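Quick note: the coordinates plus some simple rules give every number you see, no bench work behind them. Owing to the predicted nature of the structure, the values given are computational and were not obtained by experimental measurement. Glycine gets a Cβ as well: all are built from the backbone with ideal geometry, and neighbour counts include every protein chain shown.
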Amino acid sequence: MSGYNFALLVLSDSRSKNPKSDKIKPIVTEILAKISSKITVYDIIPDEIELIKEKLIEFSKMENIHSILTSGGTGLYDRDVTPQATLSVLEYEIPAIPQAILINALKSTKRAMLSRMAAGVRNRKLIINLPGSPKAVFEDLGYIVEVLPHAIDKLNGDNTPCAT
């Protein structure tokens, strides 16, 4: 299968008040084009744990969505609650995705170790947290994008061996 539909959920108190200030969507759009995929659902909401949970659940129920990316809320501020919200709605985690992102990000900055991300599955939808920094989104999503089609195919019933 090719050409996947992604939901992008940007978590930011400030950007939710001024959506035109969001620089994440164009970056994600550019990177997803590399795998012939696109953003079909997009929203910007404030860093509110219950609202994040609601959106993740809502997006995971959409038949036309294959994967959900979040951006923001992965730092150390009190209002950075994206990982907590994500973990609370996942059916299971895929810890190697955030680990791979971290290993790659540490090549650019030691501060990457302060980012908290989660990844996993709900309703056969791959959910991945990304940082809120445009530079970090570019680097992190760019690093993992080639693996996403394989993961999505597996979640949708492809039972060919991973080693092929």
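Structure values in brief
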{"read-out": "Test: residue in region 131-151 that is farther than 21 Å from Val28 by Cβ and either more than 12 Å from the chain's Cα centre (by Cα) or part of a loop (DSSP other than H, G, I, E, B) (or both)", "value": "no"}
{"read-out": "Of residues in region 63-80 being free of Cβ contacts under 8 Å to residues at least 60 places away in the same chain and not charged (D, E, K, R), the one nearest to Arg122 (Cα to Cα)", "value": "Asn64"}
{"read-out": "Contacts under 7 angstrom Cβ, first residue in region 39-51 being without any contact (Cβ under 8 Å) to a residue 40 or more places away in the chain, partner of a type in the set (A, V, I, L, M) and in a loop (DSSP other than H, G, I, E, B), 6 or more apart", "value": "Thr40/Ile65; Val41/Met62; Val41/Ile65; Asp47/Val81; Ile49/Val81"}
{"read-out": "Filter result (crowded, with 16+ Cβ neighbours inside 10 Å and assigned to a loop (DSSP other than H, G, I, E, B)) within region 76-117", "value": "Asp80, Val81, Leu90, Ile94, Ser115, Arg116, Met117"}
{"read-out": "Which listed residue is more than 22 Å from Lys154 (Cα to Cα) and touching a Lys or Arg at 6+ places or on another chain (Cβ under 7 Å), from Ser21, Ser67, Ser60, Ser16", "value": "Ser21"}
{"read-out": "Enumeration of residues in region 1-31 that are of a type outside the set (D, E, K, R), under 15 Å from the mean Cα position of the chain (by Cα), in a helix (DSSP H, G or I) and within 22 Å of Pro83 (Cβ to Cβ)", "value": "Ile24, Ile27, Val28, Ile31"}
